[in-house]
Amino acid sequence: MASFLPARLAVCLLPCLLGSGLVSASIGGSRGSHPHIVPNQWVVLLKSEADPQEWQASSAGDTVRYHSDAVNAVTLSNLTQGQADQLWEDPMVQHVEPDRTIRLTRSDPCESASPSLTAAYTQLADLVPDLELAAEQPHHSGRSLAQMSPLQPMISGQTVPTGIQRVNGPLKGMFLQPIAILDTGVGPHPDLNVVSEHSCIDGKPLTTDQNGHGTHVAGIAAASDNGYGVIGVAPGAPIHNVKILDFTGVGTVSSLICGLDYVVANNLAGIITMSFEAAPTPADALPCDNPSNPTTAMHQAICNAVNAGVIITVAAGNEGDDVANHVPAAYPEIISVGSLADYDGLPGGLAQDLSTARCGSGPDDSLAANSNHGSSLSMLAPGICINSTYIIDQSPTGYMVMSGTSMAAPHVAGAAAVLRQQQGVSLTPAAAKQLLTHPTCSPSAYQTLFGSPGPSPFPILDLHCI
Ligand SMILES: *[C@@H]1O[C@H](CO)[C@@H](O)[C@H](O)[C@H]1NC(C)=O
Ligand SMILES: *[C@@H]1O[C@H](CO)[C@@H](O)[C@H](O)[C@H]1NC(C)=O
């Protein structure tokens, strides 16, 4: 038995460690050897008086797409560096930059512990006390993982995921404020109220999710109150499925701007949630709306969407790094969301640390170990072991447990939908950010990363405190 247990642990630890290693390789490496520039593809921002379609008629390169809503621009491919340099002399051109790759903020690949796995951890904890020690809080020493495994409260036949309980979601009703999921696609899934779909993947009009990530994100924000499955923060809120990342989780700045164009042009959604990263450039740190020293196309497009009234939540990223080094999470106009490790849906740090055995996420009610953080992080929301909708052909139940800041950001998007429903659609992005990041309750009990209790250095999402 003893030799069997470590093997079972490896089943989970290895993919987790490997998973996080891959993340830092792809994000960190993207500044060096990893190609983060789309070869020969450029985003050309035009002056406001230029019409992108007319302008393009006279320029070099092949048009990938026109942008006229989030920004006035054209994405061109098959354009050499020399040809791109020449465009700067065009009187209609404001700014030319290489198109960049954007990548999913990788979620933890660990799935929910099966009962046999939980039992294995229980025994393992006895065999290897050190494993537990690192995370242990005095008030639950001696209690087994199985005894402390999270309860799954039900309401009207639906699972209430721990995150929904933790943020005090309304748990019922039909919310009307739309949320656009800019991700790998959404569904189809019977627990989600998808009202429009659009693909920004070149040459691929299919909008269904072939990755699972976008479907999971959508369920956290808005799974319906319908008597089965799970319930989201803003149950039944209309979802706009805007596919900007392919099934491997990769897209471009151009596909992002295409998604923002779709949302802004159709006045579709007052709220966007997204969880990807691009390799930052110095221009990303420049402020928006300064034509003489312009910021990047991605930053300007996001600013324009926010100026059009769209509340945007962004996953902070899972590198355990300062969020200031990650875009778009570092942009001040959006709400950047880090991951709270919460295992029981309650404040107070009382739950056993199921996740340390699996993914090293840290004690209950702490900043998740791999969440990005730092002074420009707007807030925290639950992001570890979150149950939500998943693509049906990759999960027999249609539900899956996933972890990461990708799971935290949609909690805040759902909360923004609840706020807009209560306060009216005129609630501006800045006012929503102010309300969400300044909870009126005193800080809920929170354990720091290394286990000493204290007030959270970051606001924690709680709809009862707004
Ligand atoms: C770029 O050139 C290649 C090869 O000629 C062509 O297949 C591709 O369609 C061009 N791209 C666009 C967007 O037209
Ligand atoms: C997740 O929710 C689904 C739908 O209610 C449920 O069938 C499943 O058991 C839940 N998974 C976990 C690990 O709680």
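Some observations on this one:
- Exposure proxy order (Cβ contacts within 10 Å, fewest to most) of 95, 189: 95, 189
- Restricting region 374-450 to chymotrypsin sites (Phe, Trp or Tyr not before Pro) in coil, as DSSP defines it, with at most 13 other Cβ within 10 Å: 450
- Between residue 88 and residue 174, the C-beta separation translates, for a Förster distance of 60 Å, into a calculated FRET efficiency of about 0.70.
- Residues in region 328-342 reached by a label modelled at residue 428 [backbone nitrogen below 15 Å; 7 Å Cα→Cβ]: 333-334
- Enclosing the Cα atoms of region 40-99 in their convex hull gives a volume equal to 68 cubic angstrom per residue.
- Sites residue 78 and residue 394 - FRET efficiency at Förster radius 35 Å, r taken between beta-carbons, to 0.05: 0.45
- Gain upon complete extension [residue 266, residue 440; 0.36 nm per residue less C-alpha separation]: 59.1 nm
- Where labels lie 7 Å past Cα in the beta-carbon direction, separation of residue 464 and residue 289 in nm: 3.9
- Per-residue Cβ neighbour rank within 10 angstrom, fewest leading, 289, 69, 365: 289, 69, 365
- Across region 178-278, the relative contact order, built from alpha-carbon pairs under 8 Å that are at least six residues apart, equals 40 percent.
- Local electrostatic count at residue 186 - Lys and Arg +1, Asp and Glu -1, tallied over other residues with Cβ under 10 Å: -2
- Counted by neighbouring Cβ atoms within 10 Å, the residues 166, 103 run from fewest to most as 103, 166.
Read the figures in this text as sums done on the coordinates, not as results from a lab. These figures come from a predicted structure and were not determined experimentally. Glycine also receives a Cβ, built like all others from the backbone with ideal geometry; neighbour counts cover every protein chain displayed.
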